[in-house]
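The values are calculated or read from the model by the stated rules, or taken from the named source; none is laboratory data. Worth saying up front: this structure is predicted, and the values here are computed from it rather than measured. Please note: Cβ atoms are built from the backbone with ideal geometry, for glycine as well, and neighbour counts cover all protein chains shown. Side chains are part of the model used for accessible areas, which takes the heavy atoms of the whole protein and leaves out ligands, DNA and RNA. Shrake-Rupley method; radii C 1.70, N 1.55, O 1.52, S 1.80 Å.
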Amino acid sequence: MSHSNHCETRASSTNLALLCLTYLLYFGQLGVLVPYLGIFLDGRGYSSEQIGELFAIITLARIVGPSLWATIADKSGKTLGVLQLGCVLTVISFATIFWQNTFWGLALSFGMMMMFWTAVLPQLEVITMQSVKSAGSNYGTIRLWGSIGFILLTVSVGQALDFFTTDVPIYASMITLTALMISTLFLSQPDKLNASEEQRGDFFKVVKHPAFVIFIISATLLQVSFGTYYGFFTLYLRDLGYSGQQTGLLIALGVVAEVVIFIYAQKLLNRYSVGSLLAVCGVLTALRWYALGGWGSSDIVVIGSQLLHAFSFGLTHAASVHFIHHHLPAHFHSRGQAIYIGIAFGLGGASGNYVSGQIWQQGLNAYEAFTFSAVMALLSALVFAIFSYKKWHSK
């Protein structure tokens, strides 16, 4: 092996290691923010209605963010630059939280943070796919570190909440986001990405196709159902007497189940239609929410509900990505993904956060809130049960 080839191999290995670290920190931050933001806001004295409203405002940033940053990266061709800029602006906007004491001040800080945060993952995925292709590596072995990071930070912050104040999540977030920003500064892009030529024409026709419309409606309803879980699950467990450490372990269990289903997802997708799998996932998710709201005091029920995360998120995500990849032409993949994230996770997630916040009433209506979520998940499944068998073509 020549000296130049040896150096290229070493540089490639270093970049892959940095990508693993970046995934660990990115999803580690999600492991702090998603489960424990409600705990932080509750500690600041905000009501369940305000928590739901703030979650909705934050989630709405995901409607605009993905398309905005995808357009910038596409037209400039500077994928790594957009990723690094997103990390820097995320840290700056999140830092303002330490000086905010009002509802709208926190909403602005969290909303701006989420707006910049949406620049990170899509660009990271592009760089990772290029890197593993040039290095002959495996995407899954790198993406796995994201799940590891989520588990580590979720459990660690859960334990810390048993000993420190409810401000722990924002201090942990600040440290994690700063480390993430630093790690991205050392990343390299293996091959220069040229801005893709804009391909116009029949994109509107593609997204009007009944299969895509059905997919978006179902995905949105499912994300509405997650509103109670994302906004109030940790508060719910705390009210039921679970410790912070136990809550962290239960959330980590859901991620472990998610990782396991990813291993078998492709086999399931090869055997069953995407519509059938998403319908089953919707039914299981409805069962998960209803059982959690009705029998949350049972350890077995809570553990079982977390294991169902393998279907309500893991298999659902794998099937959704598979559908977008196979149903839409290649030059429409990024825009299809942006619509999926913006409408389902943005609009659907925000709606679920808001409604569940209105229902929750400091936990007095926990059963009603989770029942609402169960109904939304069941409707998601029914959309496929009623329409998909005639109009679904992807496997």
| request: Six or more apart or on different chains, Cβ under 6 Å: which pairs go from a residue in segment 269-292 that's closer than 12 Å to residue 309 by Cβ to one that's outside any helix (DSSP H, G or I)? Could you list them? | output: 284/308; 288/308
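Rundown of residues vs (1) among the basic types (Lys, Arg); (2) in contact (Cβ under 8 Å) with a residue 12 or more places away in the chain; (3) out of contact with any Lys or Arg (no Cβ under 9 Å at 6 or more places or on another chain); (4) more than 20 Å from residue 29 (Cα to Cα), yes/no style:
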site	(1), (2), (3), (4)
73	no, yes, yes, yes
83	no, yes, yes, no
91	no, yes, yes, no
102	no, no, yes, yes
109	no, yes, yes, no
114	no, yes, no, no
121	no, yes, yes, no
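Can you tell me which residue in segment 267-277 is nearest to residue 243 (Cα to Cα), limited to those that are open to solvent by 10 Å² or more (accessible area, probe 1.4 Å) and hydrophobic (A, V, I, L, M, F, W, C)?
Within segment 267-277, the subset open to solvent by 10 Å² or more (accessible area, probe 1.4 Å) is 267-268, 270-273, 276-277.
Remaining after also requiring hydrophobic (A, V, I, L, M, F, W, C): 268, 277.
Values: 268: 36, 277: 35 Å.
Selected residue: 277.
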| message | I'm trying to understand the selection: among the residues of segment 278-296, which are buried (at least 19 other Cβ atoms within 10 Å of the Cβ) and assigned to a loop (DSSP other than H, G, I, E, B)? | response | 296
| request: Go through segment 64-99 and give me each residue that's open to solvent by less than 60 Å² (accessible area, probe 1.4 Å) and at pLDDT below 80. | output: 65, 66, 67, 69, 70, 73, 74, 76, 77, 79
| request: Please indicate, with yes or no, whether at least one residue in segment 303-326 is surrounded by fewer than 19 Cβ atoms within 10 Å (Cβ to Cβ) and assigned to a loop (DSSP other than H, G, I, E, B). | output: no
| query | Which pairs have Cβ atoms under 6 Å, sit 6 or more apart or on different chains, and link a residue in segment 44-60 that is at negative phi to one that is of a type in the set (Gly, Ala, Ser) and open to solvent by 30 Å² or more (accessible area, probe 1.4 Å)? | reply | none
| field | Extreme residue, farthest from the chain's Cα centre (by Cα), among residues of segment 229-248 that are closer than 10 Å to residue 155 by Cβ and surrounded by 20 or more Cβ atoms within 10 Å (Cβ to Cβ) | value | 244
